[in-house]
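Colleague: First the structure, then my questions, so here it is.
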Amino acid sequence: MSGEPRGALAGIRVVEAATLFAAPLAAMLLGDYGADVIKIEHPQRVDPARGHGPSKDGIGLWFKTLARNKRLVTLDLSKPAGAELFLQLAEGSDVVLENFRPGTLERWGVGPDELAAVNPRVVVARVSGFGQTGPYAGRAGFGTLAEAMSGFAALNGEPDGGPLLPPLALADGVTALATAFAIMAALRAREETGRGQVVDTSLVEPLLTLLGPQLTAYDLLGELQPRTGNRSSHNAPRNLYRTADGSWVAVSSSATSIAARVLNLVGRGDLAEQPWFATGSGRAEHVDELDEAVAAWVGDRDRNAVMAAFAEAGAAIAPVYDARDVLDDPQLAALGSISTVDDRQLGPLKMPNVISRLSDTPGRIRHTGGRHGCDNEEVYAELGLKPAELALLREERVI
């Protein structure tokens, strides 16, 4: 679109040879800020993400977001002609992002050594279930396994119930953010060294970092954090509370001053005067008493009244939203958090906007995910291939 500012990553080219969620989502983040992302799919087997989640008229909706701002081509890397084209794409690119099982690219003759030979400046970002080395490296890896193995599922759930997996691709999302960050770090290092490098990210390790001090606490204290449901083992009151009209609200009071405002609001300022109230751990030890006070007060009022009272008191609260509420929220509308984008197949559709706002070089959604191989002609013409050559490659099922 003419007149639009250049994205912060304009001039960076990314080749994405990846399926499903973590690596493609990392590439989406780079594309949102202006990188030219070329996504490769197998000529006969589309990215499985096209068939995940809801669809309209047989068209997967998740893929519309996941493949936005990308040029889509088909290529069979396992065939010699496909491997050669892949190396040609890498030769003119800044990043190659892949999530095959470790050793797969090497078996096809397009591993990091071969990529560096044609382009010493290329950053090769590798996402896998368990990393590129170690006894589990060759195992199939998915986000669900990482959510279990990282310790997340063991912490998630009610105290009297079993561990719970999240209802979304949590490990993939966290890994995508970590991978995009690591790619940017490698690109920054390249400015100093003139060389690319390999980025190795597993699905497990980003969640380990997200889970905070639990490993250190076990190492030094022998303590295992228990499942606490919606409560916190470090602070109170922190929970979901049901209002008189059947809605739910979330209350957080990590700061003692905020906790005191909540208790004064609900008519139990006496609890805020207790010596144990001064620390989060002290309040956590009296969580039943604090929860009872807040729940009783909230339960006697409808959501609007509760929200208004908390706002006036300067206490922290948020309504529990579903997708309908998110689309109607005035704060998210003011931020532009939800974007309406014209799609060639489905017409206007809504999706989350770029993840952060940059004042001078903002990201934007230029287009949604398209049809399988829709950019073959454009991308391969940039490599110098003629129509007759493309026709032969199609006949041989290379593209």
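Colleague: Across the Cα atoms of the stretch 260-324, what radius of gyration and what greatest pairwise Cα-Cα distance (Dmax) are found, in Å?
Modeller: Answer for the stretch 260-324, Rg first and Dmax second: 12.8, 43 Å.
Colleague: Right, something else. Can you tell me what percent of all Cα-Cα pairs in the stretch 167-265 are more than 15 Å apart?
Modeller: Result for the distance tail: 77 percent.
Colleague: Quick query: amide H of GLU16 versus all other amide H atoms, modeled in the peptide plane; which residues come in under 5 Å with a sequence gap of 5 or more or a different chain?
Modeller: The answer is ILE38, LYS39, ILE40, LEU97.
Colleague: Semi-axes of the equivalent ellipsoid for the stretch 328-399, please: Cα gyration tensor eigenvalues, times 5, square-rooted, ordered largest first, whole Å.
Modeller: 37, 15, 8
Colleague: While we're here: Would you calculate the convex hull of the Cα atoms in the stretch 57-105 and tell me its volume per residue in Å³?
Modeller: About 129 Å³ per residue, rounded to a whole number.
Colleague: Using each residue's phi in the stretch 183-189, evaluate 6.51 cos²θ - 1.76 cosθ + 1.60 at θ = phi - 60° and report the 3J(HN,Hα) Karplus result to the nearest Hz, with x for Gly and Pro.
Modeller: Listing the rounded values in order: 4, 5, 5, 5, 5, 5, 5 Hz.
Colleague: Skip the ligands, DNA and RNA, and give the accessible area per residue of the chain with a 1.4 Å probe, whole Å².
Modeller: Heavy-atom SASA per residue in the chain reads 51 Å².
Colleague: At a 1.4 Å probe, what is the % contribution of carbon and sulfur to the accessible area of the chain?
Modeller: 53
Colleague: Then there's this: Considering only C-alpha atoms, what is the centroid distance from the stretch 272-315 to the stretch 191-232, in Å?
Modeller: About 31 Å separates the Cα centre of the stretch 272-315 from the one of the stretch 191-232.
Colleague: Taking the Cα centre of each part, how many Å lie between the stretch 331-360 and the stretch 41-107?
Modeller: That distance is 24 Å.
Colleague: Here is a follow-up. Name the long-range amide H neighbours of GLU223: under 5 Å, sequence gap of 5 or more, or other chain; modelled H, no Pro or chain starts.
Modeller: TYR218
Colleague: OK, next. So what does log10 I(q)/I(0) come out to for the stretch 134-225 at q = 0.14, 0.18 Å⁻¹, using the Debye formula with one equal point on every Cα and no solvent?
Modeller: -0.64, -0.91
Colleague: Let me ask something else about it. Sort 196-205, 101-110, 236-245, 122-131 for me by packing, meaning the mean count of neighbouring Cβ atoms within 10 Å per residue, highest on top.
Modeller: Those peptides, ordered most packed to least, come out 122-131, 196-205, 236-245, 101-110.
Colleague: At 20 °C and 1.002 mPa s, what whole-number value in µm²/s does Stokes-Einstein give for the translational diffusion of the chain, with Rh from the Kirkwood sum over Cα pairs?
Modeller: Rounded to a whole number, D works out at 89 µm²/s.
Colleague: Collect residues whose amide H, placed 1.01 Å from N in the peptide plane, falls under 5 Å from the amide H of SER339; neighbours closer than 5 in sequence don't count.
Modeller: Placed amide hydrogens put MET351, ASN353 under 5 Å from SER339.
Colleague: Provide the per-residue ³J(HN,Hα) series for the stretch 138-147, in order, calculated from phi with Karplus coefficients 6.51, -1.76, 1.60 and θ = phi - 60°, each as a whole number of Hz, with x at glycine and proline positions.
Modeller: For the stretch 138-147, the Karplus-derived couplings read x, 6, 5, x, 10, x, 4, 5, 5, 5 Hz, x marking Gly and Pro.
Colleague: Using each residue's phi in the stretch 58-64, evaluate 6.51 cos²θ - 1.76 cosθ + 1.60 at θ = phi - 60° and report the 3J(HN,Hα) Karplus result to the nearest Hz, with x for Gly and Pro.
Modeller: Residue by residue, the stretch 58-64 yields x, 9, x, 7, 4, 5, 4 Hz.
Colleague: Give me the compactness ratio for the stretch 3-150, meaning the Cα radius of gyration over 2.2 N^0.38 Å.
Modeller: Against the empirical 2.2 N^0.38 Å value, I get 1.07 for the stretch 3-150.
Colleague: Go from 0 up to the bin containing the longest alpha carbon distance in the stretch 242-399, width 10 Å each, and give me the % of pairs per bin.
Modeller: Going from the shortest bin to the longest, the percentages are 8, 24, 18, 17, 13, 8, 9, 3, 0.
Colleague: Here's a follow-up. Under a Cβ-Cβ cut-off of 11 Å, what is the net charge of the residues other than VAL199 that fall near it, where Lys and Arg count +1 and Asp and Glu count -1?
Modeller: Residues near VAL199 contribute -1 overall.
The values are calculated or read from the model by the stated rules, or taken from the named source; none is laboratory data. Just so it is clear, the model here is predicted, and its values are computed rather than measured. Cβ atoms come from the backbone with ideal geometry, glycine included; neighbour counts cover every protein chain shown. When the accessible area is computed, the model is the full protein with side chains, heavy atoms only, and any ligands, DNA or RNA have been set aside. Shrake-Rupley method; radii C 1.70, N 1.55, O 1.52, S 1.80 Å.
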